[in-house]
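Working notes, beginning with the structure itself.
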Protein chains: 2
Amino acid sequence: MNNKKIVGIVGGVGPYAGIDLTRKIFEQTEAKRDQEHLPIALLSIPQEIEDRTLFLLGQTSINPAYAILKIIEKLEEMGASVVGIPCNTAHTPQIFDVIVENLKKADSSIKLVHMINEVARFIQENHPQIRNVGVLSTTGTYKTKVYPIILGQKGMNVILPNDVLQDIIHTAIYDPIYGIKAQSNPVTQIAKRKLIEGINYLQKEGAEAIVLGCTEITIAITDNKIGKTIIIDPTLILARALIREVNLNKLKPYDK
Amino acid sequence: MNNKKIVGIVGGVGPYAGIDLTRKIFEQTEAKRDQEHLPIALLSIPQEIEDRTLFLLGQTSINPAYAILKIIEKLEEMGASVVGIPCNTAHTPQIFDVIVENLKKADSSIKLVHMINEVARFIQENHPQIRNVGVLSTTGTYKTKVYPIILGQKGMNVILPNDVLQDIIHTAIYDPIYGIKAQSNPVTQIAKRKLIEGINYLQKEGAEAIVLGCTEITIAITDNKIGKTIIIDPTLILARALIREVNLNKLKPYDK
């Protein structure tokens, strides 16, 4: 079991995003038999991980970085060499940098893939003509401006919802009755409608591509294109990056 | 992380069945927020586990029990107290008993849930009037008669396909081009058609309920009922049994 690189997945952020990433890894892998699939370990311990947005908004002082770190260490013990976290909000510097810093301190040899850097790289490699990129996300990701900063470094202009619309997007994810975190199979019509409202707004503001910058949103919206707008799924990009890191030969060609 | 019971899942048998079980655990859990979901660990190391049916048919001498055992031990190290294996064929005595015996030898305190025993219990509790139960499965499960034996002990009469039809069912799962193990999202029309052919046959033979006795089949057929026949999904039953074992209060009511 030791000579194969295991892909580690930090689950629980949210639980369904962990499954969605796992499924996308399998789907993007060249395999005709069970035995040809890549080894993966998914550890989903949601009760240990504070809500990322609550932390970024100052509504809890507990940084979820420490619980995520513990999970990454457990994954490493299990044999993981590469790890992905299917949560955009966890990639804000306030959380992600604390994880990386502590992994270094602990002398970990884990390669932690940065989902948002991978999204920037993906757009540049596959859609180099695109300049104006809309992003839908949680309010945590929104406020920290992690997408505008990272995509901005690659010369892209990021379009975000206004504050009123952002609240609507946030409830589509978090509402305890109809939000995607409470009901995801199927996603409720009201949650989906709110997300479509966000997409329509970003299209009107000139977005050529829209990043579904919260792993719950990618469960609700599965189109590759809406009208002329390219829809970008960071979970899919993370899945492909994780395969690339452990075994490039197993990565299916990218299907535009 | 230690005071909560983690549900361990032996993935890789097959890979998609591991995800399907994980998803069904989440769906059957009372939870409105990420943090309310149960902790789970999924370890999918498919390249280590010989095909269960090849072993049962004598086409390999390597018993997959030993690789499954190693994975269960790893899950226990990660904190799992209860484990499920989403593969019907792995529950034949030739494989399952070897796992149980070796867990005992190693003084493991894992509670390993037996999926097929749970199916028998489920039918008896929820559909006590049913006598004639059809079963679709791999040829490995078919030949060992594990379903007829276990359901027979509860007074049920098990109806199986004839040998010709059994070969058709097997290819729906294993064909390297159109089989579910090679293509599952979406499942191919030809694989689905072959399974429907099996269901029609069992209905004609008098089955009041049909067990989809291979976790790949439950990915292709998602109906609860076909005509008057109740369709029984062992993965769903295993998911509910695992929740029951770790935290009965979190189990959603069964929705017939």
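The values are calculated or read from the model by the stated rules, or taken from the named source; none is laboratory data. Predicted, not measured: the structure shown is a model, and the values here were computed from it. Positions of Cβ are generated from backbone atoms using ideal geometry, with glycine treated the same way; all protein chains shown enter the neighbour counts.
Of all the listed residues (B:E197, B:E216), the sole one being under 19 Å from the mean Cα position of the chain (by Cα) and under 20 Å from B:T141 (Cα atoms) is B:E216. Residues that are out of contact with any Phe, Trp or Tyr (no Cβ under 6 Å at 6 or more places or on another chain), surrounded by fewer than 18 Cβ atoms within 10 Å (Cβ to Cβ) and not in a strand (DSSP E or B) within the stretch A:151-177 comprise A:G152, A:Q153, A:K154, A:G155, A:N162, A:D163, A:V164, A:D167, A:I168, A:T171, A:P176, A:I177, listed in sequence order. Residues of the stretch A:98-141 that are of a type outside the set (V, I, T), crowded, with 22+ Cβ neighbours inside 10 Å and not in a helix (DSSP H, G or I): A:G134, A:L136, A:S137. Would the stretch B:224-232 turn up any residue that is in the same structural domain as B:L202 (by TED's automatic domain parsing) and assigned to a helix (DSSP H, G or I)? No: the stretch B:224-232 contains no residue that is in the same structural domain as B:L202 (by TED's automatic domain parsing) and assigned to a helix (DSSP H, G or I). Scanning the stretch A:26-84 for residues that are more than 8 Å from chain B (Cβ to nearest Cβ) and in a strand (DSSP E or B) yields A:T29, A:A80, A:S81, A:V82, A:V83, A:G84. I'd like to check something: does the stretch A:189-206 contain any residue that is more than 24 Å from A:A90 (Cα to Cα) and in contact with a Lys or Arg (Cβ under 8 Å, 6 or more places away or on another chain)? No, the stretch A:189-206 has no match at all. Listed conditions (1) at pLDDT 95 or above; (2) of a type in the set (V, I, T); (3) in the same structural domain as A:K24 (by TED's automatic domain parsing) are all met by A:T89, apart from (1). Cβ separations smaller than 9 Å between residues 6+ apart or across chains give no pair from the stretch B:58-70 residues that are not assigned by TED's automatic domain parsing to the domain that holds B:D107 to residues that are in a loop (DSSP other than H, G, I, E, B).
One line per residue, one yes/no per condition, for (1) surrounded by fewer than 23 Cβ atoms within 10 Å (Cβ to Cβ); (2) without any contact (Cβ under 8 Å) to a residue 60 or more places away in the chain; (3) touching a helix residue (DSSP H, G or I) at 6+ places or on another chain (Cβ under 6 Å):
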{"position": "B:G198", "(1), (2), (3)": "no, no, yes"}
{"position": "B:K225", "(1), (2), (3)": "yes, yes, no"}
{"position": "B:I230", "(1), (2), (3)": "yes, no, no"}
{"position": "B:L238", "(1), (2), (3)": "no, no, yes"}
{"position": "B:N249", "(1), (2), (3)": "yes, no, no"}
{"position": "B:P253", "(1), (2), (3)": "yes, yes, no"}
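Scanning the stretch A:62-80 for residues that are among the acidic types (D, E) and either within 17 Å of the chain's Cα centre (by Cα) or at pLDDT 95 or above (or both) yields A:E73, A:E76.
Can you find, within the stretch B:203-219, the residue that is surrounded by the fewest Cβ atoms within 10 Å (Cβ to Cβ) among those that are assigned to a helix (DSSP H, G or I) and modelled with pLDDT of 95 or more? Per the stated criteria, the residue is B:K204.
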